[in-house]
Amino acid sequence: MEQEGLAAWPGPCWGLLQRSCSAALPGSIPGAAWKGLSPAEGRTPAAGKTGGQELGHRRKEPARCWGQSSWVLKEAVAITMDTSPDLSFFPGNHWLYFSVYLFTFLVGLPLNLVALVIFLGKLRRRPVAVDVLLLNLTISDLLLLLFLPFRMVEAASGMRWPLPFIFCPFSGFLFFTTIYLTSLFLAAVSVERFLSVAYPLWYKARPRPRQAGLVSGACWLVAGAHCSVVYITEFSRNSSYSHTNNDTCYLEFQENQLAILLPVRLEMAVVLFGVSLLITSYCYGHLVWVLSRGASHRRRRRVVGLVAATLLNFLVCFGPYNVSHVVGYIRGESPAWRSYVLLLSTLNSCVDPLVYYFSSSGFQADFHGLLRRLTGGWRPWREEGSLKLKEKNEEGGSRGSCPT
């Protein structure tokens with residue numbers, strides 16, 4: 001007859017489970033936690049937390065012991081396998097995630113919408129390759145921002161996923177895809193800027209919007225193919241621990257999932273980030289060297305702003321996050337600080353508009369013109385108010401003056 005719970009475990013199996021769990025996570029289960037806890041009490045060992053969750057959280061205990069130490073050890077490791085980010089650094093830090101997501105949404109959404117309007121207008125007038133690339137980058141940022149409310153709901157729920165499970169891998173897929181799309185598009189833009197300086201006559205004679213469209217499609221395909229690991233990981237859980245037994249989204253991973261995820265993360269850090277950074281550094285280094293010899297001060301200032309905004313994206317927004325991939329691959333588990341540097345990657349949608357602004361003088365002119373049109377409705381009111389104030393001051397001055 002099948003019995004459930006630890007109350008049915010024989011003494012030898014309980015001792016083996018205790019030793020196996022202690023070996024699986026050394027130092028995470030103090031000996032005092034096992035004292036006074038017997039199999040008859042029917043409780044899961046609750047000692048210490050990994051990723052802000054109790055060990056064995058929402059996990060079904062084996063119904064019986066088969067008398068095979070390898071099987072018990074496998075189940076013990078599966079029970080204690082929890083590599084979610086440590087959310088216990090300070091109380092209520094899920095509100096930090098919520099605040100960063102909200103700030104990114106409120107700042108990034110209007111800026112990228114303005115950029116979308118400008119790039120669409122420029123492409124209608126005269127389509128050029130760099131504008132096609134920047135338009136795709138803008139669309140990528142807008143996708144991230146439009147699905148950011150899913151992350152806000154998750155953060156407001158204490159990093160639990162309260163929405164239907166189907167939205168979990170989909171939002172994660174878009175989230176990570178847009179992050180790496182930024183690296184690819186910034187590298188492509190740097191190549192365009194390099195060509196415009198190294199071969200100016202050839203570049204002006206060949207706008208090449210179609211080739212830029214093909215490059216953009218390739219970037220979407222490469223980033224999407226790599227980040228499809230989100231779906232592979234979420235649906236590769238053991239049958240005993242399906243998504244129905246887990247209330248987090250892309251935070252907890254089993255051993256078989258990490259075997260897939262960690263090498264893919266390392267490959268993305270090297271190929272999608274590292275190679276893009278090398279290409280961008282070379283192109284902008286050559287660009288600055290050429291312009292430093294004879295370009296106007298205004299153009300040099302614009303190029304310096306473009307390079308600074310691009311390097312800010314790579315080194316500050318994306319650098320720490322990709323370093324966590326390398327560290328995670330070496331250690332065999334995600335570092336606890338990974339979720340915090342992921343917040344920096346989210347902020348890239350607020351930095352990208354700086355890249356757009358310094359990308360060309362045409363964008364700056366269109367931006368200032370759009371800003372004047374948006375604020376034009378207030379100008380007559382301000383001018384009328386200033387005129388009335390001036391007349392009132394003149395009238396008051398004439399009344400207070402003494403006749404000569």
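The values are calculated or read from the model by the stated rules, or taken from the named source; none is laboratory data. Keep in mind it's a predicted model, so treat the numbers as computed, not measured. Virtual Cβ from ideal backbone geometry, glycine too; neighbours counted across all protein chains shown.
Residue by residue, here is whether (1) in a loop (DSSP other than H, G, I, E, B); (2) crowded, with 18+ Cβ neighbours inside 10 Å holds:
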| position | (1), (2) |
| --- | --- |
| GLY172 | no, yes |
| THR178 | no, yes |
| ALA188 | no, yes |
| GLU192 | no, yes |
| TYR203 | no, yes |
| PRO207 | yes, no |
| ALA218 | no, no |
| GLY224 | no, no |
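Restricting GLU252, GLU234 to residues that are in contact with a His (Cβ under 7 Å, 6 or more places away or on another chain), surrounded by 13 or more Cβ atoms within 10 Å (Cβ to Cβ), of a type in the set (Asp, Glu) and modelled with pLDDT under 80 narrows the list to GLU234.
Checking every residue in segment 259-272 against the condition of being closer than 27 Å to ALA336 by Cβ, in a loop (DSSP other than H, G, I, E, B) and within 19 Å of the chain's Cα centre (by Cα) gives zero matches.
Checking every residue in segment 154-170 against the condition of being surrounded by 24 or more Cβ atoms within 10 Å (Cβ to Cβ) and in contact (Cβ under 8 Å) with a residue 40 or more places away in the chain gives at least one match. In segment 332-380, of all residues being modelled with pLDDT of 80 or more and in a loop (DSSP other than H, G, I, E, B), the one that is surrounded by the most Cβ atoms within 10 Å (Cβ to Cβ) corresponds to SER334. The residues of segment 145-170 that are small (Gly, Ala, Ser) and in a helix (DSSP H, G or I), listed by number, are ALA155, ALA156.
What pairs can you find where one residue is in segment 88-100 and on the phi > 0 side of the Ramachandran plot and outside the structural domain of ARG151 (by TED's automatic domain parsing), the other is at pLDDT 90 or above and surrounded by 13 or more Cβ atoms within 10 Å (Cβ to Cβ), and their Cβ atoms are less than 6 Å apart, with a gap of 6+ or different chains? Pairs found: none.
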